[in-house]
Amino acid sequence: MNQSTVRLRQGATSTVAVSTAYRRFRSATVSGLSWIVLIALAGCATHFDRVQPIRMAFFDGNLSAADEHLEKLLKKRKGERDVLLLDKSIIELASGRPKEAERLLRQVRDRFDDLEDFDATKAVASMLTDDKARAYAGEDYEKVLIRAMLSISNLMSEGGDAGAYALQMVDKQQQIIQTVEEKHKEDDQSAVLAFKQVALGPYIRGMLAEESPLTLNDAVRARVQVAKWEPKFRDAESDLQRCEHEVPMHPGNGALYVFALVGRGPIKQETIAPVTQVELLIADRILDAIGKRNVTPTLAPVKIPEVVNFVPVADFVSVRVGGKLVGQTATIVDIGDMAVRQQKALYPEILARAVVRRVIKKGILYGVEEAANIQKDSLQSLAIMAAGVAWEASETADTRCWGLLPDTIQVFRVELPAGEHEITLRPSQRQGDFGTPAITKVTVREGRHTYLLGNLPTSQFVGQLLTSPRSLEE
């Protein structure tokens, strides 16, 4: 065999080897893409769908069923663990276990604080799938309300840390506001207004300061903050008047503070950004016209989370002492409004992540075709396009949230003679009381505060009414 023939055969062998490697490369590329799509499709159900049984059982007052559903999800959904623990804290509180609620809230508070640092690995992963790949660090309103519920839970147990938690609430909100201000230095400052201070922190601090004659000046300063931060709060001026010009409690009397968690709080549902669809479709056509490869068509909608509020069944809670009406609770924190305002301010950022993610996916697919030299409109190109459409369609909005929050936190204060009293709480609207009342007994101590908590998500109280332990009053 002459040398020319050998060289020809070696060349042919090399060509076959290169061709085989090339085919394997293309096959592996398409196969890898298919696996990405299959993995993404496996998680198409949203957090909203998974926790619906928990919410429905809780609102029906079936706390054991709600907790059972929640425990099952805790074992399966590690990426949702923190928000599930937040929901569990509300179940524990309604079940009469404020210490356990406080423990869970502290755990998630610390976890969210740790997650505030940017996680580049998770950010990249979210670009290949969707925002659910990101570790959930809590919405800003949730971070503030964790501290609010910590303070309330502590009041219903030991009470020694309630003031510290209230101060943390103020500090956290101020930290968030400063971050927003720095981000929008040269932009429209309307976004900053969405993160106004929450008046519950100074309300609790003023309430605690009123219990001692030595801290009445602190109580006045706190009441001034409440009036400034929440001017619509019904009792702001009367509370300030009492601190400045009256005695906090008359001889022989104590004060009963009623806290009510009223209504179903905000949740996140999946929605579509229709304007972005048009923009992406135009981008598709431009790239397709100038490029040598096919571009995955934008058939799948761009999905983002949307905060949804519910119309409350009860406007407030009427309070009766010994069968006699003494007043109604008033809203100190409107959680639903707080959540909507903040999401509106963050909407451009949420939408930008969704658009960037879609562009990156299209770029990856285009790069695959380019690297494998797949011809435009070939069967392999069409297969990649189909896989790309499925990849984009697999996206679901990140609907993780603290789903058992109330719509509003309401408060009411009444001065009562020392001794035992029967307290009746009842759902109420402006037209009058309705629904089933909840009744408990409290012991009021002279010169001391007694705290009472009720959870009213719909037309009936869920769980039991909680009262502060006797040790707080002695």
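The values are calculated or read from the model by the stated rules, or taken from the named source; none is laboratory data. Every value quoted in this text rests on a predicted model; they were computed, and no experiment measured them. Here Cβ is always computed from backbone atoms with ideal geometry, including for glycine, and neighbour counts include all displayed protein chains. Protein only, heavy atoms only, side chains kept; ligands, DNA and RNA dropped before computing areas. Shrake-Rupley method; radii C 1.70, N 1.55, O 1.52, S 1.80 Å.
For the stretch 171-177, 3J(HN,Hα) computed residue by residue from phi via the Karplus equation (6.51, -1.76, 1.60; θ = phi - 60°) reads 4, 5, 5, 5, 4, 5, 4 Hz, glycine and proline entered as x. Rolling a 1.4 Å probe over the heavy atoms of the protein chains gives the stretch 398-439 an accessible area of 37 Å² per residue.
Here the 3J(HN,Hα) profile of the stretch 230-244, calculated from phi with Karplus coefficients 6.51, -1.76 and 1.60 at θ = phi - 60°, is 9, x, 7, 5, 4, 9, 4, 6, 5, 5, 5, 4, 5, 5, 7 Hz, Gly and Pro shown as x.
Each peptide among 412-422, 46-56 gets the average number of other Cβ atoms lying within 10 Å of its residues, and from highest to lowest they stand as 46-56, 412-422. Solvent-accessible surface of the stretch 199-276, taken per residue with a 1.4 Å probe and all protein chains present: 44 Å². Coupling constants for the stretch 408-416 follow from the phi torsions by the Karplus curve (6.51 cos²θ - 1.76 cosθ + 1.60, θ = phi - 60°), and in residue order they are 9, 9, 10, 9, 7, 10, 9, 8, 10 Hz; glycine and proline get x. Counting only protein heavy atoms and using a 1.4 Å probe, the accessible area of V313 comes to about 60 Å².
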